[in-house]
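A short write-up of the structure that comes next.
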Amino acid sequence: MALGPRCGAIRACRRVLERAFSLRKAHSIKDMENTLQLVRNIIPPLSSTKHKGQDGRIGVVGGCQEYTGAPYFAAISALKVGADLSHVFCASAAAPVIKAYSPELIVHPVLDSPNAVHEVEKWLPRLHALVVGPGLGRDDALLRNVQGILEVSKARDIPVVIDADGLWLVAQQPALIHGYRKAVLTPNHVEFSRLYDAVLRGPMDSDDSHGSVLRLSQALGNVTVVQKGERDILSNGQQVLVCSQEGSSRRCGGQGDLLSGSLGVLVHWALLAGPQKTNGSSPLLVAAFGACSLTRQCNHQAFQKHGACQIFNLSINWLPLRI
Ligand SMILES: NC(=O)C1=CN([C@@H]2O[C@H](COP(=O)(O)OP(=O)(O)OC[C@H]3O[C@@H](n4cnc5c(N)ncnc54)[C@H](OP(=O)(O)O)[C@@H]3O)[C@@H](O)[C@H]2O)[C@@H](O)CC1
Ligand SMILES: Nc1ncnc2c1ncn2[C@@H]1O[C@H](COP(=O)(O)OP(=O)(O)OP(=O)(O)O)[C@@H](O)[C@H]1O
Ligand SMILES: [Mg+2]
């Protein structure tokens, strides 16, 4: 009985994905349509023969005393997109708050414990992907623990989406993810400039966004980079994709968290599907394009429905995931 509403929500979410991917608006170029078809190909079919967990067990690493919304938005988005289980590994002060937001999330108050790396590592064999950074904050002790978590995740070949303060850590230590082909970075404008400066040791050319994203990806050893903005620009150092699907002009906090959480599950689906389903294109690029497209489409639908409503802030932006 408890599964009913959740299955309904997932089916609804899949319908939103399907609708998002069948839109032909906004800078619609043939490449964009072709890529959306590849995104459709990686979405696993629902089936009564599957067991719980098969469609994705995602871990979000983030959440501290100040920021409890960001890890919640990322983790709940993974579920709403279609993951079966969503974990949050956060600092102890954030855990009761995040638990209270939703009984659907599994919350581990471990990030500030002396055994944080071990506490997360013991879950890794059961997780398909990690989303590192939403609401993490910049406390040195937490960042040291997250460094350890990234190292053990790489050793186990777990895909990682790195966002927000996770990108702050990578800007301090690019070697942490250099050459790790299962990493996707999702910087906003400021995070991208910071990373570019740190890795390429010079300011980016603001007249050449494509080139800048391509060069940053190459300099990081072909890690996939998603530069969010008016148009999202994605590259794995070989190919550059642009997602210009119509979004909204409302720029409230948390939209990037929806993107990184959605991407966590799409990365898992894309790697499971493999290059035959993505027609030889990089599965991670296809996943990233799907997450950008979905987030922008949700922003668009929410804005259509609620306008520039200031009261509900972010909630207006993720309502479409629940229809
Ligand atoms: N509800 C929650 O819990 C949420 C928590 N969150 C968490 O907060 C933490 C910090 O993340 P963050 O993104 O605020 O980063 P940070 O480096 O402090 O930069 C902020 C400053 O950069 C600027 N700026 C930003 N974008 C820009 C642009 N496109 N173009 C130009 N400038 C731009 C802007 O500067 P200003 O305009 O104010 O001078 C802004 O004030 C992180 O853990 C994250 O996950 C969020 O996820 C939201 C929801
Ligand atoms: N100017 C814009 N026009 C339309 N969509 C945008 C614009 N800027 C960002 N977006 C979209 O909003 C989503 C989040 O991007 P944004 O740059 O706000 O991330 P962020 O700053 O990391 O957000 P968060 O507040 O969650 O940290 C992305 O899907 C992106 O495509
Ligand atoms: Mg962000």
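The values are calculated or read from the model by the stated rules, or taken from the named source; none is laboratory data. If you're wondering where the values come from, they're calculated on a predicted model, not measured in any experiment. Positions of Cβ are backbone-derived with ideal geometry, glycine not excepted, and every protein chain shown enters the neighbour counts. Accessible surface is based on the protein model in full, side chains and every heavy atom, while ligands, DNA and RNA are left aside. Shrake-Rupley method; radii C 1.70, N 1.55, O 1.52, S 1.80 Å.
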- For residue 118, what accessible area in Å² do you get when you roll a 1.4 Å probe over the heavy atoms of the protein chains, rounding to the nearest 10? 110 Å²
- Using Cα positions and a limit of under 15 Å, work out the aspartates and glutamates in reach of residue 122, with same-chain residues fewer than 8 apart set aside. 151, 157
- Between residue 151 and residue 206, with labels modelled 7 Å along Cα→Cβ, what's the label distance in nm to one decimal, could you check? 3.8 nm
- In Å, the Kirkwood hydrodynamic radius of the chain over pairs of distinct alpha carbons? 19.3 Å
- Item | Within the accessible area of the chain (1.4 Å probe), percent carbon and sulfur | 52 percent
- Setting aside same-chain residues fewer than 8 positions from residue 154, which aspartates and glutamates have a Cα under 12 Å from its Cα? 121
- Query: Given the protein chains as shown and a 1.4 Å probe, how many square angstrom of residue 68 are accessible, to the nearest 10?
  - Reply: 20 Å²
- Task: State in Å² the accessible area per residue of the chain; use a 1.4 Å probe, count heavy atoms of protein chains only, and round to the nearest integer.
- Result: 42 Å²
- Item | Restraint check, 52/80; 52/99; 80/182, Cα-Cα greater than 19 Å | 52/99; 80/182
- Message: Using the crude model of +1 on Lys and Arg Cβ and -1 on Asp and Glu Cβ, and no other charge, please compute the dipole size for the range 53-317 relative to its Cα centre, in debye to 20.
- Response: 420 debye
- Message: Starting from the 7 Å offset along Cα-to-Cβ, what nm value, one decimal, do you get for the label separation of residue 49 and residue 30?
- Response: 3.8 nm
- Query: If you wrap a convex hull around the C-alpha atoms of the range 97-175 and split its volume per residue, what is the figure in Å³?
  - Reply: 99 Å³
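Mean residue ellipticity at 222 nm from the helices of the chain, using -39,500 (n - 2.57) per DSSP H segment of n ≥ 4 over the full residue count, to the nearest 500 deg cm²/dmol?
Calculated at 222 nm, the ellipticity per residue is -15000 deg cm²/dmol.
Throw me the Rg/Rh for the range 33-117, computed over C-alpha atoms with Kirkwood Rh, two decimals.
1.09
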- Average Cα contact separation per residue, the chain, under 8 Å, 6 or more apart, as relative contact order %: 20 percent
- Over the range 34-192, what is the mean sequence separation of C-alpha contacts under 8 Å (at least six apart), divided by residue count, expressed as relative contact order in percent? 21 percent
